1. Among the aspartates and glutamates, which have Cα under 19 Å from the Cα of Lys225 when same-chain residues fewer than 8 positions away are ignored?
2. Which whole-Hz ³J(HN,Hα) couplings does the stretch 61-74 yield from phi under the Karplus relation 6.51 cos²θ - 1.76 cosθ + 1.60, θ = phi - 60°, glycine and proline marked x?
3. Grab every C-alpha pair in the stretch 1-117, bin the distances at 5 angstrom width from 0 up to the longest one, and report whole percents.
4. Contour minus end-to-end for Tyr198 and Thr20, with contour as 0.36 nm per residue of separation and end-to-end as the Cα-Cα distance?
5. Cα-Cα pairs above 12 Å in the stretch 10-52: how many percent?
6. If you keep only loop residues by DSSP, which GluC sites (Glu not before Pro) in the stretch 127-211 have at most 12 other Cβ atoms within 10 Å of their Cβ?
7. Calculate the dipole size of the stretch 137-207 relative to its Cα centre from +1 charges on Lys and Arg beta carbons and -1 charges on Asp and Glu beta carbons; express the result in debye to the nearest 20.
8. Picking from Gln26, Leu46, Ser15, whose Cα lies most toward the positive end of the charge dipole for the stretch 10-52 (charges on Cβ: Lys, Arg +1; Asp, Glu -1)?
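Please treat every number below as a calculation from the coordinates, not as lab data. Since the structure is predicted, the reported quantities are computational estimates derived from the model, not experimental observations. Glycine gets a Cβ as well: all are built from the backbone with ideal geometry, and neighbour counts include every protein chain shown.
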Amino acid sequence: EDNSNRSFLLYIDESEEQDTRIMHYQRRASAGKLNEQEEIEARELLKNTQRVLKPIKVINPYAEYLELPQSVFKPRRTNSHYLQFINAITFYKQYQRESKVDTQTGEMYIETTVEDIEEANELITEVLLRKSDTITGACRNYLEELKKYLTKENQTTFTAIEIRKRLKVKKTTQWRYHKQLLENYYIKTVQIKGEKLYRYEVINPNEYKELEEAISKSLQECITKINSSTVPNRSTSKTEQLTKTKTTN
């Protein structure tokens, strides 16, 4: 929990699609069909891109229009992370930005654009979704796979042993997941007449999708506010400043 408060957590993609991609890559590597030189060049390009970046201040003129959804856990810290993430995107695009000079301090800087914010929102939606969740990432993955199984089998209830066999989950691991899900009201126990085993039922199969839509809507509303606003120009570009200096001389 402490890590989730202080940082953006990266989760391993444990989906079947990712497993398929990894195994396909492993088979191609074993068959000697990978272009190793192309991979080396890609790594070198990334290294060189990092080397040419220069220290320069980033100012986000739209920062006051950016508000996170109320559902985000620890919004104060997450808000700071969100703004820093946008700044990082602008920083990496410094050679695509016009350098400006602060008229009061003379300090050079670059400005965040609306496109930078849109890219940040697209990349950060999954992170905000996870930070808004009340269960752990592993438990969430289990719940989503469980929902897929129930939809595929056209079922509304399930037994623990049934899901353990289908999803290949250890009994102790599943017990921990079910404890979280019951405590946070994601699933409930139901007793079917004539059956000895307890069955479980997912309370709201669409809750995660609804949360994702709420976060996406909130981020889009920020962009709408920005597009309908007028942000004042607080500086002159480096080119304009040099021109004015020459004219004065």
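1. Glu64, Glu67, Glu111, Glu115, Asp116, Glu118, Glu119, Glu122, Glu213
2. Values, residue by residue: x, 9, 4, 5, 9, 9, 10, 7, x, 5, 6, 5, 6, 6 Hz.
3. Each 5 Å bin holds this share of Cα pairs: 2, 9, 12, 12, 14, 14, 14, 11, 7, 3, 2, 1, 0.
4. Values: separation 178, 0.36 × 178 = 64.08 nm, distance 3.45 nm.
This chain segment gains 60.6 nm when fully extended.
5. Numbers: 641 of 903 pairs.
Summing the P(r) tail past 12 Å for the stretch 10-52 gives 71 percent.
6. Values: sites: Glu144, Glu145, Glu153, Glu162, Glu183, Glu195, Glu201, Glu207, Glu210; in loops: Glu195.
Here the sparse-neighbourhood loop sites are Glu195.
7. On the way: 16 positive and 8 negative charges, 74 e Å.
In debye, rounded to 20, the stretch 137-207 gives about 360.
8. Comparing the listed Cα positions along the dipole, Leu46 ranks first.
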